[in-house]
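Here the structure is laid out as structure tokens; the discussion comes afterwards.
Derivation of every value follows stated rules applied to the coordinates shown; laboratory data play no part. Nothing here was measured: the structure is a model prediction, and the numbers come from that model. Every residue, glycine among them, receives a Cβ derived from its backbone with ideal geometry; neighbour counts consider all protein chains shown.
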Amino acid sequence: MATIAHNLSRLLPRALFSWAQPKWHLLCELWELYISQGGSIGRDLELSCWVINKPLGQKKVCVPARSFREFRRIVRFGTNPNDLVFHWINMIDDCEVLYDIGAANGHEALSTHSLHGCHTVFVEMFTPSIESILKGVVLATRSSSVPSNFDVVAAACDREDRYAKVHLHNPPVAGGTYNSFDNLEAYCRGGRQGEKVWASQWSHSVSIDSLHQLHGLPKPTHVKMDIDGFEDRAINGATATLESRHVRSWIIEINPGREATVHKAMEAAGYCDIAHFVHYEEIDDCEDHLFVRNDLAEDYKKRLKEVRLKLYGDSPK
């Protein structure tokens, strides 16, 4: 389909191509959802958004899609056989409390809850994403879940609790993930000092330790983190959590320049790196790393192999 579209694009007038291109992309994603995955999409009048029903292993996940970007992310979730986050979500049937740090629209944490029924904590600073998460929680509670299974924390994750500005490098539209908290120089790829800022808002920040020590949330048994280069600061704010060894596994997107800090903290607390996934082989970019408590490492390696076989029929190369 991609080849056909590319050839046609060379024949069409520019204005016609610009009109047709987004419609073609939408058609491709709908084909993937309905035909390849056996899912569906419908309009929820009460929530004023589109809702995707998508098979996830033996269960279906029901999540909102409030923009094409959210829709595409949800449809493509799980289609890459090397996606370590997707493997991890399917394998952690021992998950009791999940912290999703940098939750975006929340579809990964909602999928984890759908599969395992865990208490789910979303930490996200982008206001449009918070609305998507809240709509997702409503969809979950319409079925078998109860509201007390969810905590939605509208905040950045940092080494300490404080107030500072969130800078939006994309329009305030659902699906945006390019946002910075306070210090633009602290982010990946040399910082974001030269990036356009559409708007800014004041926001609270929390540390992983303060979530359960100060604010009374349950301690996590599993942590997922994707915060674009702020992961070293977030790990510095998780000292007590690491020392307690209550967390069984951490899956962390690590950006260039943050590897040493994260690995040193994990190893010192008795966690080992059992798997990783490189996002883009051709460039020096972020990687997902799965850190598991040393006493559980062999069991988790076995689980990872089994879930890969179950999902794809063979271990990814």
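So which GluC sites (Glu not before Pro) in region 268-305 are both in a DSSP loop and have at most 10 other Cβ atoms within 10 Å of their Cβ? Let's see the in-between values first.
On the way: sites: 281, 282, 287, 298; in loops: 281, 282.
Qualifying residues, ordered by number: 281, 282.
Per the helix-only calculation at 222 nm, which mean residue ellipticity applies to the chain, given -39500 (n - 2.57) for every DSSP H run of n ≥ 4 and division by its residues, nearest 500 deg cm²/dmol?
Values: 11 runs with 113 residues, N = 317.
The helix-only estimate for the chain comes to -10500 deg cm²/dmol at 222 nm.
Please report, ordered by residue number, every helix of the chain (full DSSP H runs) that is 15 Å or longer along its axis going by C-alpha atoms and whose mean Kyte-Doolittle hydropathy reaches 0.0.
Details: long enough: 14-31 (25 Å, 0.02); 127-142 (23 Å, 0.62); 297-312 (22 Å, -1.27).
Passing helices, by number: 14-31, 127-142.
For residue 150, which sequence-distant residues (separation of 5 or more, or a different chain) have an amide H within less than 5 Å of its own amide H, given hydrogens modelled in the peptide plane?
120
Over region 80-312, how many pairs of lysines fall under 28 Å by alpha carbon, counting only those 8 or more apart in sequence or from different chains?
Here the count comes out as 20.
Once you've got the GNM for the chain with C-alpha springs shorter than 10 Å, pick whichever of 99, 34, 300 has the biggest mean-square fluctuation.
34
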